[in-house]
Amino acid sequence: EADIYQTPRYLVIGTGKKITLECSQTMGHDKMYWYQQDPGMELHLIHYSYGVNSTEKGDLSSESTVSRIRTEHFPLTLESARPSHTSQYLCASSKGGYNEQFFGPGTRLTVL
Amino acid sequence: SQQGEEDPQALSIQEGENATMNCSYKTSINNLQWYRQNSGRGLVHLILIRSNEREKHSGRLRVTLDTSKKSSSLLITASRAADTASYFCATDPNSGNTPLVFGKGTRLSVIA
């Protein structure tokens, strides 16, 4: 069982709200990632970080931001949620070497 | 897109049969990894094969890698109903410090 946590697990909000999805890991991994995944579909990389104060955009990043102030914490913020943001959001971490990724349980977001 | 392609997209077999899934990719790689995802959950790392390896085994899993054809296969022997899940390949590109590139996944159903 990977030591990576996501909160909340489920979130239902209205359009236009600002939300932050939390992700924390206790493995001391330097690399962390956010993915968006519709049920049964492919993963889309939103943002990633290779260390504190280092963040990079993925393929699907334009409507969200991330921060990496502490090694163990990598929150994702949507400034203004829209129905098109309805999806599952997966956080993952890895540590150098072979880049094997450890995934959290996901946050299922519904925007009404 | 650099994403790999899994084949088939969906596979349905009887318990006890073998399941074979294929993955093709486009760039040179350091290693290739296979992940499993149960419905509504995060991904779990199954097995990693390095670019200089041709075959690897782990329990009922057998992975092959053909770098000349840029393809890999995952064989699950003597499948069980509990193997029902989506399976994703992911490549670690041999091009700087870039994240894993995940394929689109194969949805496996094992019928008891």
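The values are calculated or read from the model by the stated rules, or taken from the named source; none is laboratory data. If you're wondering where the values come from, they're calculated on a predicted model, not measured in any experiment. Reconstructed Cβ throughout: ideal geometry from the backbone, glycine too, with neighbour counts over all protein chains shown.
A few remarks follow.
- Within region A:86-105, considering residues that are over 17 Å from A:H73 (Cβ atoms) and of a type in the set (G, A, S), the one farthest from the other protein chains (Cβ to nearest Cβ): A:S87
- Among the residues making up region A:3-54, those that are more than 23 Å from A:T110 (Cα to Cα) and surrounded by fewer than 18 Cβ atoms within 10 Å (Cβ to Cβ) are A:D3, A:T26, A:M27, A:G28, A:D30, A:Y50, A:G51, A:V52, A:N53, A:S54.
- Flag if B:E5 is charged (D, E, K, R) and modelled with pLDDT of 95 or more: no
- When the strands (runs of 3 or more DSSP E) confined to region B:1-71 are screened for residues that are free of Cβ contacts under 8 Å to residues at least 40 places away in the same chain, surrounded by 16 or more Cβ atoms within 10 Å (Cβ to Cβ) and small (G, A, S), none reaches at least 2 such residues.
- Region B:85-103: number of residues that are surrounded by 18 or more Cβ atoms within 10 Å (Cβ to Cβ) and either basic (K, R) or touching a residue at least 40 places away in the same chain (Cβ under 8 Å) (or both): 13
- A single member of B:L48, B:L108 is within 14 Å of chain A (Cβ to nearest Cβ) and either in contact with a helix residue (DSSP H, G or I) (Cβ under 9 Å, 6 or more places away or on another chain) or at positive phi (or both), and it is B:L108.
- Candidates A:S93, A:S67, A:S62 - the one that is surrounded by 14 or more Cβ atoms within 10 Å (Cβ to Cβ), free of Cβ contacts under 8 Å to residues at least 40 places away in the same chain, out of contact with any Leu (no Cβ under 7 Å at 6 or more places or on another chain) and not aromatic (F, W, Y): A:S67
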